[in-house]
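Novice: Before I ask anything, here is the structure I am working with.
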Amino acid sequence: MSTPEAATGSASTHAAATRVTVHGAGLAGLTCAALLARAGCRTTLTGGPSAGGPRHLVLNEPTVTVLTHVWGDDVLAGSHALTTRRIRWGPGAAEQDLPAPAIVVDAPRLLAILDRRLTGVDRLADPAPSDWEVHTMAVHGAGGTEATGGEEGAGGVAVGRRCAMVGYAPLAPGVPATACRMATTVDSWLYLTPLGDGRAMIQAMTPTPPPDPDGFLAAELDASGLGSLFAGPPERVTVVPAAPWLAEHRAQRGRLRIGGGVIRLDPVSGSGAGHALRTAVLAAAVITGIRDGLPADTALDHYARRLGAAFLDHLTACASHYRAAFDTAAWAEEVRVTEAAITTYAGSPHGFGLTLHASSTVDLRG
């Protein structure tokens, strides 16, 4: 069995003077702190996980690979395995079953495991003087319409207004516990994730926040045909902004942004946790690379543009998915805004950016 130390190599012996403060102890923050500490950086971690995050995470195979490479093969022991995704996307579409191996994890439990495995990192309530600061959290406007600056002025504007509703409900007897389901209605798309304990997490995406989230989610389940899979109505429904967002200021001398502090993906991608992890790995590589002699401007430009390219790919996929599935005015506006952002930023060297350096070692688009 591989171990985190074996996966990342031995720590550098000349890096003691490189001081890094990681703000935020979510998936990205803990992973970045662990990698920096193993590389010999004097690493301090402040704060905790961001508030309002999902209780459960669905980790696809590439994400599981990254997570276990950093934290060890047994870090997901006891989690629930998924095998299949049953999809009906768009009006008149037939259902199709696709192989989709994944793991669903209880997010607070996973973070507690990672925290216990974290070594060589100081925990402080207040930031310590450092050569680098890594920020993991950002502040977004209500409804996902705008990024209001994030911590220390991340900047950036969300592409669209759509939001996600998340709730939980007991599954009806006999419903397979290893198959996720995805379906569309006139107004939303829905995703059902069995949790392995007789319940399922339900996500629904809509262009604008509904006035009655609980009632809206129950009605959309019935409209989608998924309602018959449940033994009761959805409970504990929360509404979160879900329009894609990318920080304007992603990489500066002495400061990097990772995870939710730099990028938010539409849940239709199914890879938000994976992108958060990859930003953490890439940020640690940038800091240690600069420490070891890589030109700072080259490394920081690479980081900013790499995230920009991944984000632009994501917007292109969103526009294609939603154009095919919906024809209401509200969804048409989401598609229009997304296509306008693609046009604006694809040709802008100071927008998302598309130039990738050949030395790249982490593919954020995987």
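Novice: For segment 77-101, give me the residue count where each residue is hydrophobic (A, V, I, L, M, F, W, C) and touching a helix residue (DSSP H, G or I) at 6+ places or on another chain (Cβ under 7 Å).
Specialist: Just the residues of segment 77-101 that are hydrophobic (A, V, I, L, M, F, W, C), to begin with: 77, 81-82, 87, 89, 93-94, 98, 100.
From what's left, touching a helix residue (DSSP H, G or I) at 6+ places or on another chain (Cβ under 7 Å): 89.
Of the residues in that region, 1 qualify.
Novice: Hey, another quick one. When the residues of segment 112-127 are narrowed to those that are exposed (fewer than 13 other Cβ atoms within 10 Å of the Cβ) and of a type in the set (Gly, Ala, Ser), which ends up farthest from ALA25 (Cα to Cα)?
Specialist: This residue is ALA125.
Novice: Same structure again: What is the residue count in segment 22-66 for residues that are crowded, with 24+ Cβ neighbours inside 10 Å and either at positive phi or not assigned by TED's automatic domain parsing to the domain that holds HIS135 (or both)?
Specialist: Of the residues in segment 22-66, 1 are crowded, with 24+ Cβ neighbours inside 10 Å and either at positive phi or not assigned by TED's automatic domain parsing to the domain that holds HIS135 (or both).
Novice: For a quick check of your reading: which strands (runs of 3 or more DSSP E) sit entirely within segment 194-258 and have at least 3 residues that are modelled with pLDDT under 95 and either under 18 Å from the mean Cα position of the chain (by Cα) or of a type outside the set (Gly, Ala, Ser) (or both)?
Specialist: On the way: elements: 199-206, 235-241, 255-257.
The strands (runs of 3 or more DSSP E) meeting that bar are 235-241.
Novice: If you don't mind, there's one more thing I want to ask. Given ALA304, ALA310, ALA324, which one is part of a helix (DSSP H, G or I) and either surrounded by fewer than 17 Cβ atoms within 10 Å (Cβ to Cβ) or free of Cβ contacts under 8 Å to residues at least 24 places away in the same chain (or both)?
Specialist: Being part of a helix (DSSP H, G or I) and either surrounded by fewer than 17 Cβ atoms within 10 Å (Cβ to Cβ) or free of Cβ contacts under 8 Å to residues at least 24 places away in the same chain (or both) holds for just one of ALA304, ALA310, ALA324, which is ALA324.
The values are calculated or read from the model by the stated rules, or taken from the named source; none is laboratory data. In this text, all values refer to a predicted model and were calculated from it rather than measured experimentally. For neighbour counting, all protein chains shown are included, and Cβ atoms are generated from backbone atoms with ideal geometry for every residue, glycine included.
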